[in-house]
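Just so it is clear, none of the values below were taken in a lab; they were calculated from the coordinates. Here the structure is a predicted model, which is why all the values come from computation and not from measurement. As a convention, Cβ positions derive from the backbone with ideal geometry for all residues, glycine included, and neighbour counts pool all protein chains shown.
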Amino acid sequence: MATVNFSVPDDVKAEFDRAFGGQNKSAVIADLMRKAVAGAKLRKRREDIFRTLTQRRTERPPMSDTKIRVSRRTGRP
């Protein structure tokens, strides 16, 4: 298991101690780190998808408002 050393402002440490008092703080920090990594991966994936969709938008032919309205209504009651 790795050891991580980092500094945080005193007020953040005090709030952390109040919020997670009595809990295994190493486990809490590890869980927060896992969530931060998952969040960063999700943000990257969303950015990649957005970039792909934006690029593809320029590659497809434009549609008129009428065609868009018709396609939205097709198959709906």
Charge dipole of the chain about the Cα centre (unit charges at C-beta), most positive-ward option of Q55, A40, M1: Q55
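Place a +1 charge on the Cβ of each Lys and Arg in region 5-59 and a -1 charge on the Cβ of each Asp and Glu, then give the dipole magnitude about the Cα centre in debye, rounded to the nearest 20. Mind showing how you got there, number by number?
Numbers: 13 positive and 8 negative charges, 95 e Å.
With Lys and Arg at +1 and Asp and Glu at -1, about 460 debye.
In deg cm²/dmol and to the nearest 500, what is the mean residue ellipticity at 222 nm of the chain if only DSSP H runs of at least 4 residues count, each as -39500 (n - 2.57), divided by the residue total? Intermediate results must be reported in sequence, preceding the final value.
Numbers: 3 runs with 54 residues, N = 77.
One gets -23500 deg cm²/dmol as the mean residue ellipticity at 222 nm.
Of all chymotrypsin sites (Phe, Trp or Tyr not before Pro) in the chain, which ones are in loop regions per DSSP and have a Cβ with at most 15 other Cβ atoms within 10 Å?
Numbers: sites: F6, F16, F20, F50; in loops: F6, F20.
When the chymotrypsin sites (Phe, Trp or Tyr not before Pro) of the chain are filtered for loop state and at most 15 Cβ neighbours within 10 Å, F6, F20 remain.
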Non-local Lys pairs in the chain, i.e. 8 or more apart or on different chains, that have alpha carbons under 24 Å apart: 4
